[in-house]
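Nothing in this text is a laboratory measurement; each read-out follows from the coordinates by a stated rule. Just so it is clear, the structure is predicted and the values come from calculations on it, not from any experiment. Here Cβ is always computed from backbone atoms with ideal geometry, including for glycine, and neighbour counts include all displayed protein chains.
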Amino acid sequence: MKEEKRIILHIDMDYFFAQVEERENPQFKGKPIVVGADPKGGKGRGVVSTANYEARKYGIKSGMPISKAWQLCSNAIFLSVNIEFYEKVSEQIMKIVKKYSPIYEIVSLDEAYLDISFCKSWKEAENFGKRLKREIFEKEKLTCTVGIGPNKTIAKLATEKAKPNGLKVMKPKEIEKFLDPLDIEDLPGIGLKTAEKLKKIGINKIFELKKLSKEKLKEMFGKIGEKIWKRARGIDEEPVSPEEVIKSIGRQITFERDTRDPKLIFGTFDQLIKEVYHELIENNFSFKTITVICRYKGFETHTKSKTLEKACNDLTVLKNEAKKLLLRFLIESKKLIRLIGIRVSNLSSQ
Ligand code: TTP
Ligand code: MG
Ligand code: MG
């Protein structure tokens, strides 16, 4: 039941490091690009981080010795890894990705899952994925691939199938036909060692794996045996990591000097509210609870909260309610103030 209800989206940037290099250096477009260790004319040590699709045509791939890549295509453009820059680009991309669902999980610099079960149909989910792809391309000038399915495993496999610059929706009824002919090691969760053990007993494909009982797999692999049994049938209950969910958005500031100056206090507070509001809107959230934090001279810290009857994303409501709370602090105590903060929580996506 639970399995059928979920819609999970997986996104992975295409040839990420190399695509960023291509974007920054349009003169490279159409040429094979290899990002990784210095090839040193074929004598270099270290490996290929990634290669664009032109270079992949020569058989070059991630993890391959750079000397091997040089052998395969010495005419390729070899670039060193500029990780700080890719991280910055990744941040920009993830900012966009996160807007599409409050339940997200960033897996690596170029990969994330979204729980988009709020979509009412597979068609709606597909359009949702298209919008995400389009926004990333318009804002970042980079292509990605999106896979959509009833769980993380299937969504990821759909992405792999649709690479590059694709979008694939894998509906529950298509899963069996898709999974059966795959090699066992294509199944996320089956590592090299597990695959080796299975191959020893003549099991190479998923449809063969399905012939083993749950008990047999448990006997062979212990606890993960059951997981393998489920995965082979396209079942994966793992949630899109809920601990990554944004629970609140807040800002606070410590005054340079403890103060009672209302102009300074309210002026600063206005700024904090604007920042919180901006982030709220960026993430497409509504809030229900507003909390104001006040720390007096001597580190005594207090909070006051107000929960609205209905979720809202109105700046005026936020300002008015927050100021009322702050005012109560100022009335209740004549102490100097060291820090003020504002936080909205009880968030929901719009
Ligand atoms: P991937 O998403 O695995 O690969 P990719 O984005 O280069 O290509 P595609 O998804 O289109 O198949 O990895 C993302 C980045 O992580 C990749 O651009 C470079 C880096 N990376 C390594 O440094 N070493 C590796 O072995 C792998 C697999 C990736
Ligand atoms: Mg990628
Ligand atoms: Mg990736």
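Descriptive notes on the structure:
- Options Ser117, Met13, Cys144, ranked by Cα towards positive dipole end of the chain, top entry (Cβ charges): Ser117
- A straight chain from Val47 to Lys223 at 0.36 nm per residue would run longer than the Cα-Cα distance by 59.9 nm.
- For segment 16-83, Kirkwood radius (reciprocal of mean inverse C-alpha pair distance, Å): 11.3 Å
- Spin-label pair Asp261-Lys247: with each label point 7 Å from Cα along the Cα-Cβ axis, the two points sit 3.6 nm from one another.
- In the chain, the alpha-carbon atoms span a convex hull of 205 Å³ per residue.
- The calculated pair-distance distribution of segment 1-160 uses every alpha carbon pair, bins of 5 angstrom beginning at 0, and gives 2, 9, 17, 18, 16, 13, 10, 7, 4, 2, 1, 0 percent.
- When each full DSSP H helix of the chain is screened for a Cα extent of at least 20 Å along its own axis and an average Kyte-Doolittle hydropathy of at least -0.5, the helices passing are 83-99, 262-282, 315-332.
- Projected label distance in nm at Lys173 and Glu208, using a 7 Å step from Cα toward the beta-carbon: 3.1 nm
- The label-point distance for Asp180 and Ser305, in a model that sets each label 7 Å from Cα toward Cβ, rounds to 5.3 nm.
- Inter-centroid distance (Cα atoms) of segment 303-350 relative to segment 189-217, Å: 57 Å
- Contour excess over end-to-end distance, with Cα ends at Leu192 and Ser348 and 0.36 nm allotted per residue: 52.1 nm
- Cβ-Cβ FRET estimate between Ser108 and Ser333, R0 fixed at 41 Å, reported to 0.05: 0.25
- When you filter the GluC sites (Glu not before Pro) in segment 231-273 for DSSP loop state and at most 14 other Cβ atoms inside 10 Å of their Cβ, you are left with Glu237.
- With a cut-off of 13 Å between beta carbons, the residues surrounding Val81 carry a summed charge of -4, where Lys and Arg count +1 and Asp and Glu -1.
- Segment 271-294 residues near the modelled Thr316 label - backbone nitrogen below 11 Å, point 7 Å along Cα→Cβ: none
- Overall, the anisotropy analysis places segment 111-188 in the oblate class: the square-rooted eigenvalues a ≥ b ≥ c of its C-alpha gyration tensor yield a/c not less than 1.5, with a/b not exceeding b/c.
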